[in-house]
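Trainee: Supplied in structure tokens, the structure appears directly below.
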Amino acid sequence: MTTASIWIGGERRGDEISPWTLQLVSGAAALAATAKTPVGVLLGSAGAEDAAELAAHGADMVASYESAGISGSVEAAVAAARALLESEDPIAVLFPDSILGRDTASQLAASAGLPLASACERISEIGEEQVAAIRSCFGGQLSQRVSIPSGPCVVTVREHAFRASRTEGRPTPRLLSVTAPRDERIAVIERRSPSPETLDLAEAEVLVAGGRGVGEHGFSVLEDVARLLGGTTAASRAAVDEGWAESKLQVGQTGRTVAPRLYVACGISGAVQHMVGVRDAGVLVAINIDGGAPIMGDADLAALGDVSEVLPRLVSKLKESGA
Amino acid sequence: MKIAVCVRSVIDPEGRYRLRDDKSVDFRGAPSMMDPGDAVALEAGVALAAEHGADLTVYTAAGDGANEVLRVALAQGASSAVQVVGELPRGSLEAGENLAEVVAEQGLPDIVLCGVASSDGGSGGTGAVLAARLDLPIIQNTLAFDGIADGLAEVQRRRDGGYRELVRVQLPAVFTIESIAAVPRFPTTRERLHAQRASITTVEADAAQDLSTGELEVLGYRIPPPRLLGIPWPGSELSARERLRFLVQGGQTRQASAGGPLTGDAESVAGAIADYLQTNGFVPPSTESGD
């Protein structure tokens, strides 16, 4: 049994520690600073480099567990978190409010009989008595101020609730290793990469959208680009009206509202009715033959060119660069 | 084969509500309904029951509208319904405890289904509590059942970033069902009338009373502030089109790229876009790590 601590269930995006995890580490470290509560991070296959990165964001301890087989498997994460709960006696365990984080959090809370609060948008206190948070409810129409009895409790936190901050020269974190038997009754047979055939517009992190400028036969190239970037295709109303794309792919006022990390608009002029659907997109790249198209003024990267000439070349460039 | 589906009554998210001065919410103007996520789980259960000739029992924990929700479930295709009575659960943890007690009492089913998380702000703990108390494996975010045979189920589940996992699990097991997994049917008047006459079993449960840990306490509600930077209004220098655009976008404007658009031949433009995507971390590695 050790002193009270706060633990974060860390995640990776690709091989790197996810930015969301780093935000949580920095946020928890800032809240824990006054009471000098140590902050630990549980991360699959954590190495020295990961430990240094986590320490720079405020971690005092890093616990590694074997996530061999399939990366990010929820069963391995749950088993490790349960073992950690027994050995470390934390006051709170925080997870990103991602699918993996929510699944791990709910299973951990259920098996140990701990209070659980998901989708916290702000956390103002992580103490030995309670965690004070604001969470979204009723589909985002209301938010509620909650007090979660800690010692320990399980909390999942929305992205950008905290800001990641990096400080060089912090002490090397204490390294732990967690081993725990996984649930043998569950076997992951196959992990399928995102593909345009299965991805829903709302869950895609990358959308490659086509408009009238793409032409009747251009959508297959769009699919190639989407596949290489790990995303799926979308369309403007003009392309749907022409019958080049299915209506379920339509983005805009009369279609879907999306919030991908990357939106590549090909041959889309950027009419207001379309832009309403993509205003929460992270990075907007526009490829258009008309330099005066409204979207060229909105894009983070605007490229002047004929989509039918640029896209096939982009496909080969992306293949060359290893995608 | 036996299937159990756990459903809940929630306040219609589209209903009218009023924020009181003491920061509580008055929901008297809002009707209750079956949680949309649970309705999808029920539909998935009805489809499985039809395919495998299974018995489907629907369960709900104590609460307002419990009886009505069970009648809707019976109309949607459940063969029997059980209502848990007792003290009102304060959250998903307590509801799960009581449900687990009653589901176990009625004879352990092969498949237990529920929604991922209730739409009124639940934390998605009920399925996990059911699995933990019944000592069953759990598959969350289930998208489809690919096959059930020899005490094993093969299912697809949804993961972050659009990944899918094909998972084999030993039955009996608990599954939480994704909201896009099925479309709930709309019962006919005849089915509804039939459901009104069906009998509903009531069972007492008190497992939640033994819980030593507390549930989270709601201190107050508020309407989230709009995410705007200042109060925007369109200036008179804008054209009609620009003003419309301004209003529709809520005053948010994107930062245009510095230095104007990329120009040149298609080859160089494509190269510059590829570089940009690479630099900003949008080009995934060629093979998926850890696979």
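None of the figures in this text is laboratory data; all of them are computed from the coordinates on show. Every value quoted in this text rests on a predicted model; they were computed, and no experiment measured them. Positions of Cβ are generated from backbone atoms using ideal geometry, with glycine treated the same way; all protein chains shown enter the neighbour counts.
Trainee: Applying 1/(1 + (r/R0)^6) with R0 = 45 Å to the Cβ-Cβ distance of B:THR263 and A:GLU159, what FRET efficiency is obtained, to the nearest 0.05? Could you put the intermediate results ahead of the total?
Mentor: On the way: r = 36 Å, r/R0 = 0.79.
So the FRET efficiency works out to roughly 0.80.
Trainee: Roughly what percent of Cα-Cα pairs across region A:1-146 reach past 27 Å?
Mentor: That fraction is 16 percent.
Trainee: What is the magnitude of the charge dipole of the protein assembly as shown about its Cα centre, with +1 placed on the Cβ of each Lys and Arg, -1 on the Cβ of each Asp and Glu, and no other charges, expressed in debye to the nearest 20?
Mentor: Value, rounded to 20: 1420 debye.
Trainee: With θ taken as phi - 60° and the coefficients 6.51, -1.76 and 1.60, list the Karplus ³J(HN,Hα) couplings across region B:142-159 in order, rounded to whole Hz; mark glycine and proline as x.
Mentor: Computed from phi, the couplings for region B:142-159 are 6, 9, 7, 9, 7, x, 10, 7, 6, x, 10, 10, 10, 10, 9, 10, 8, 10 Hz.
Trainee: Moving on. Can you work out the FRET efficiency for the pair A:THR3 and A:ARG185, with r the C-beta to C-beta distance and R0 = 25 Å, to the nearest 0.05?
Mentor: Calculated value: 0.10.
Trainee: Using the basic label-point model (7 angstrom from Cα toward the beta carbon), what is the A:ARG170 to B:ARG90 distance in nanometres?
Mentor: Each label point lies 7 Å from its Cα, and together they span 3.5 nm.
Trainee: Could you line up A:LYS36, B:LYS2, A:LYS317, A:LYS248 from fewest to most neighbouring Cβ atoms inside 10 Å?
Mentor: Sorted ascending by nearby Cβ count, the order is A:LYS36, A:LYS248, B:LYS2, A:LYS317.
Trainee: Just rank A:ILE99, A:ILE148, fewest to most, by other beta-carbon atoms within 10 angstrom.
Mentor: A:ILE99, A:ILE148
Trainee: Can I ask one more? For B:TYR59, B:TYR221, what's the fewest-to-most ordering of other Cβ within 10 Å of each Cβ?
Mentor: Details: B:TYR59 30, B:TYR221 20.
Arranged by neighbour count, lowest to highest, B:TYR59, B:TYR221 become B:TYR221, B:TYR59.
Trainee: Same structure, new question: What distance in nm separates the simple spin-label points at A:ARG192 and B:ARG16, each placed 7 Å from Cα in the Cβ direction?
Mentor: In this crude label model, A:ARG192 to B:ARG16 measures out at 4.6 nm.
Trainee: Please compute the contact order of chain A in relative form: average sequence separation of alpha-carbon pairs under 8 Å and at least six residues apart, divided by the residue count, as a percent.
Mentor: Relative contact order of chain A: 14 percent.
Trainee: Now a separate question. Efficiency by 1/(1 + (r/R0)^6): what FRET value for B:ARG185 and A:SER177, r their Cβ-Cβ distance, R0 = 45 Å, to the nearest 0.05?
Mentor: 0.30
Trainee: Subtracting the Cα-Cα distance from 0.36 nm times the residue separation, let me have the gained length for A:SER45 to A:SER321 in nm, one decimal.
Mentor: 96.7 nm
Trainee: Among B:ALA131, B:LEU152, B:GLY115, whose Cα sits farthest toward the positive end of the charge dipole of region B:114-191 (+1 at Cβ of Lys/Arg, -1 at Cβ of Asp/Glu, about the Cα centre)?
Mentor: B:GLY115
Trainee: Scan chain B and report its longest stretch carrying no GluC sites (Glu not before Pro) that are both in a DSSP loop and have at most 13 other Cβ atoms within 10 Å. All intermediate terms of the calculation are to be shown ahead of the outcome.
Mentor: Numbers: sites that count: B:GLU14, B:GLU87, B:GLU237.
The longest such stretch corresponds to B:88-236.
Trainee: On to the next question. For region A:1-62 and region B:22-59, write down the distance between their C-alpha centroids in whole Å.
Mentor: For region A:1-62 versus region B:22-59, the Cα centre distance is 38 Å.
Trainee: Testing the spin-label approximation: label points 7 Å from Cα along Cα→Cβ at A:ARG261 and B:THR201. State their distance in nm.
Mentor: Spacing of the two 7 Å Cα→Cβ label points: 4.9 nm.
Trainee: Can you give me the angle between helix A:74-88 and the longest principal axis of chain A, using Cα atoms only, in degrees from 0 to 90, rounded to the nearest 10?
Mentor: Tilt relative to chain A: about 30 degrees.
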